[in-house]
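Asks: One structure follows; several queries about it will come next.
The values are calculated or read from the model by the stated rules, or taken from the named source; none is laboratory data. Computed from a prediction, not measured in an experiment: that's the story for all the values here. Neighbour counts are summed over all protein chains in view; Cβ atoms, including those assigned to glycine, are modelled from backbone coordinates with ideal geometry.
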Amino acid sequence: MDTVKQLVVKSGLVDVKYLNTPEGEMYLQIAVASVAVGIALALYLATAAKSEPKKILETPELTLSTTEAHAMLPTITDWHRMKLVDKTALSHNTNLYVFEIPRPTGHVKGIHPEPVLGLPIGQHISVSAEIDGKNIVRSYTPTTLDGEDPGRFHLLVKAYEQGNISRYLSLLTVGQEVKVKGPKGKFVYNRDLADHFLMIAGGTGITPMYQIIKASLADEEDKTQMRLIYANVNEDDILLRKELDDLQARSNGRFQVYYVLNNAPAGWTGGQGFITHEMIKSHMPAGGVGSKGKVLMCGPPPMMNAMKGHLDGLGYPKPNTISKLDDQVFLF
Ligand SMILES: Cc1cc2nc3c(=O)[nH]c(=O)nc-3n(C[C@H](O)[C@H](O)[C@H](O)COP(=O)(O)OP(=O)(O)OC[C@H]3O[C@@H](n4cnc5c(N)ncnc54)[C@H](O)[C@@H]3O)c2cc1C
């Protein structure tokens, strides 16, 4: 405070001749208080000015692009919470679930594109929930490609009465959240991966195939030939049938689907019973074994075991316990 007093006297704010009079002392005190407030205000403004750029740097919106959608999954290794925004029954035991991808901090609707999962084609996500005190995790392949339903992704999940996550999902109501992590899996699709794919799917095993077929057909430079053998128990169990038929119609012969039913109705023109060695042979794309072609399989374990036997009989190598991208027979 003495320094401030000296400053006040030196600056001439109080006349020196009044300094030792009561009037001078009063002026001095008022002037000292005013200067002290001024110094404090200046110090506060200087500190605020210094901290302002730091605040801007910390705002993630500066890293958000206005042309490219923010990819949600690969940026964080931890679990994300995704809100269920729609749920539709597709058959007596299968629902289509639509989840909202959370917008990152600083995202402005209409300025920044809606976020995407950022899942490479052919990969899947993990969904986790605490059930009876235990953390349970299962894999699911979204049926939507990034940006197909802006800011959202779809899962098609068959509910098992005794199941854990599939049952948990079936009991979810719109507005509730699930924990999601990814990307997961060894398969990453690109147009040069193979000349052709023979795809064998059972039930919800269709989801990775559907993702790959859609991505491949959307790419005008992609020449990959795709043949899908899709097995189900009953006709109304066939998932994504309209979508698959539409893709076939628009594929210029690049994609063909052959449906097989355990219980075929009268007049059914597709396959009947279980998938056989002969069905695989007759639907194999030109080139077959030994060419730059791959077999992709996804379905219930008993069906997959039967398929491994058929493929062995046709001269294909045995799939590895955990498939790798280079394998000729890839089991999802
Ligand atoms: C890469 C990958 C992608 C997948 N994508 C999808 C997908 O998009 N959609 C989808 O619905 N599923 C998909 N699955 C299967 C999914 O991960 C679960 O295995 C399935 O939902 C069952 O899990 P759950 O926790 O409900 O049952 P679990 O806890 O695993 O099983 C408990 C009980 O449920 C019943 N059950 C479970 N699975 C079957 C079955 N296949 N056949 C008969 N009974 C069964 C049995 O009674 C079993 O004892 C995928 C799996 C993998 C590996």
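Asks: Please note which strands (runs of 3 or more DSSP E) are completely contained in region 132-215 and include at least 3 residues that are under 19 Å from Leu73 (Cα atoms) and within 13 Å of the ligand (Cβ to nearest atom).
Replies: Passing ranges, in order: 134-140, 152-158, 177-184.
Asks: Given the structure, is Pro104 more than 9 Å from the ligand (Cβ to nearest atom), part of a loop (DSSP other than H, G, I, E, B), over 30 Å from Glu278 (Cβ atoms) and touching a His at 6+ places or on another chain (Cβ under 7 Å)? Please lay out each step first, then the result.
Replies: On the way: more than 9 Å from the ligand (Cβ to nearest atom): yes; part of a loop (DSSP other than H, G, I, E, B): yes; over 30 Å from Glu278 (Cβ atoms): yes; touching a His at 6+ places or on another chain (Cβ under 7 Å): yes.
For Pro104, the condition - more than 9 Å from the ligand (Cβ to nearest atom), part of a loop (DSSP other than H, G, I, E, B), over 30 Å from Glu278 (Cβ atoms) and touching a His at 6+ places or on another chain (Cβ under 7 Å) - is met.
A quick yes/no check of all residues on (1) crowded, with 16+ Cβ neighbours inside 10 Å; (2) touching a Phe, Trp or Tyr at 6+ places or on another chain (Cβ under 8 Å):
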| site | (1), (2) |
| --- | --- |
| Pro142 | yes, yes |
| Gly147 | no, no |
| Gly151 | yes, no |
| Leu155 | yes, yes |
| Glu161 | no, no |
| Tyr168 | yes, no |
| Leu171 | no, no |
| Gln176 | no, no |
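Asks: In addition: Could you please give the count of residues in region 130-177 that are β-branched (Val, Ile, Thr), out of contact with any helix residue (DSSP H, G or I) (no Cβ under 9 Å at 6 or more places or on another chain) and over 25 Å from Pro113 (Cα atoms)?
Replies: Of the residues in that region, 2 qualify.
Asks: Against the condition under 12 Å from the mean Cα position of the chain (by Cα), at pLDDT 95 or above and not assigned by TED's automatic domain parsing to the domain that holds Val295, how does Ile136 come out, does it pass?
Replies: no
Asks: If a residue has to be assigned to a loop (DSSP other than H, G, I, E, B) and either under 19 Å from Met209 (Cβ atoms) or basic (Lys, Arg) (or both) to count, how many in region 289-321 make the cut? Before you say what the answer is, go through the steps one by one.
Replies: In the first step, residues of region 289-321 are kept if they are assigned to a loop (DSSP other than H, G, I, E, B); the result is 289-292, 299-300, 314-321.
Adding the requirement that they be either under 19 Å from Met209 (Cβ atoms) or basic (Lys, Arg) (or both) leaves 292, 299-300, 316, 318-319.
Matching residues across region 289-321 total 6.
Asks: Are there any pairs with C-beta distances below 7 angstrom linking a residue in region 121-140 that is more than 19 Å from Phe153 (Cα to Cα) to a residue that is of a type in the set (Ser, Thr, Tyr) and near the ligand (Cβ under 9 Å from one of its atoms), with the two at least 6 apart or on different chains, and if so which?
Replies: Ile131/Tyr168
Asks: I would also like to ask the following. Among the listed residues Tyr189, Tyr210, Tyr168, identify the single one that is among the aromatic types (Phe, Trp, Tyr) and over 18 Å from the mean Cα position of the chain (by Cα).
Replies: One residue alone meets the criteria, Tyr168.
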